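Let me begin by presenting the structure, written as structure tokens, before commenting on it.
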Amino acid sequence: MMWTDTTHFYAATDCKYLGRPCPAAERMIGKLAEAMNKAKPLTQEDFEITGTTALDGCPRNCPAQFVASHDRIRLFCGVGEDAPREGLDRFADAILNRDGTGFAASKLDARPCALMEALPKTAEARQAEQMMAF
């Protein structure tokens with residue numbers, strides 16, 4: 001599933017347990033995007049936060065690992081803090097990135113049950129949306 005808000009473009013895979021994107025994960029990535037947008041004027045371009053959380057409202061109470069920077073936010077559902085991020089990023093690149101290369105999920109130590117990504121809108125994209133609103 002793909003959607004947008006005023007600051008970001010979002011992409012989400014279906015949760016393998018719910019059969020659709022997880023609403024709790026959608027809320028979490030939205031809050032991360034909001035926080036990064038607010039932090040942008042106060043932080044350097046290489047600012048990044050990482051962490052783990054329990055997805056509040058998830059029917060399975062899944063743990064999730066996240067990484068948020070000004071360039072990209074990713075949320076990996078169903079994996080804890082011990083899951084190596086490099087493998088998770090390669091897996092996400094293979095699924096979400098147009099230029100991604102293949103990656104065998106069997107090589108992951110912990111396979112996410114879903115993943116989400118948020119990319120910031122460029123100034124040009126925001127301006128085009130404003131012009132189309134008139």
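The values are calculated or read from the model by the stated rules, or taken from the named source; none is laboratory data. No experiment lies behind these values; they were computed from the predicted model shown. Here the Cβ is made from the backbone with ideal geometry for all residues, glycine too, and neighbour counts use every protein chain on show. For the accessible areas, the whole protein counts, side chains as well, though only heavy atoms, and no ligand, DNA or RNA atoms are used. Shrake-Rupley method; radii C 1.70, N 1.55, O 1.52, S 1.80 Å.
So, counting K/R as plus one and D/E as minus one, what does the shell of residues with Cβ under 13 Å around Ala114 add up to?
So the surrounding residues net to +2.
Ignoring everything except DSSP H segments at least 4 long, calculate the 222 nm mean residue ellipticity for the chain; use -39,500 (n - 2.57) per segment, divide by total residues, nearest 500. Could you put the intermediate results ahead of the total?
On the way: 3 runs with 40 residues, N = 134.
Value at 222 nm, helices only: -9500 deg cm²/dmol.
Of Leu108, Met2, Gly19, which is farthest along the charge dipole of the chain in the positive direction, counting Lys and Arg as +1 and Asp and Glu as -1 at C-beta?
Gly19
Give the angle, between 0 and 90 degrees and rounded to the nearest 10, that separates the Cα long axis of helix 123-133 from the longest principal axis of the Cα atoms of the chain.
70
Please report the Cα spread of the chain along all three principal axes, rounded to whole Å, starting with the longest.
Each principal axis gives a Cα extent; for the chain these are 47, 32, 31 Å.
Once label points are set 7 Å from the Cα along Cα→Cβ at both Ser69 and Arg85, what is their separation, rounded to one decimal in nm?
Once both label points are built, they end up 0.9 nm from each other.
So if R0 is 30 Å, what FRET efficiency would Asp46 and Lys16 give, r being the distance between their Cβ atoms, rounded to the nearest 0.05?
Working: r = 34 Å, r/R0 = 1.12.
In this case the efficiency is close to 0.35.
How large is the accessible surface per residue of the chain, computed with a 1.4 Å probe and reported in Å² as a whole number? Please list the in-between numbers first.
Numbers: 8180 Å² over 134 residues.
Per-residue accessible area for the chain comes out at 61 Å².
Per 0.36 nm of contour for each residue apart, how much would the distance between Ala35 and Thr101 grow if the chain were fully extended, relative to their Cα-Cα spacing? Please list the in-between numbers first.
Details: separation 66, 0.36 × 66 = 23.76 nm, distance 3.05 nm.
Here the answer is 20.7 nm.
If you take every residue apart from Gly78 with its C-beta less than 10 Å away from the C-beta of Gly78, what net charge results, scoring Lys and Arg +1 and Asp and Glu -1?
Value of the local net charge: +3.
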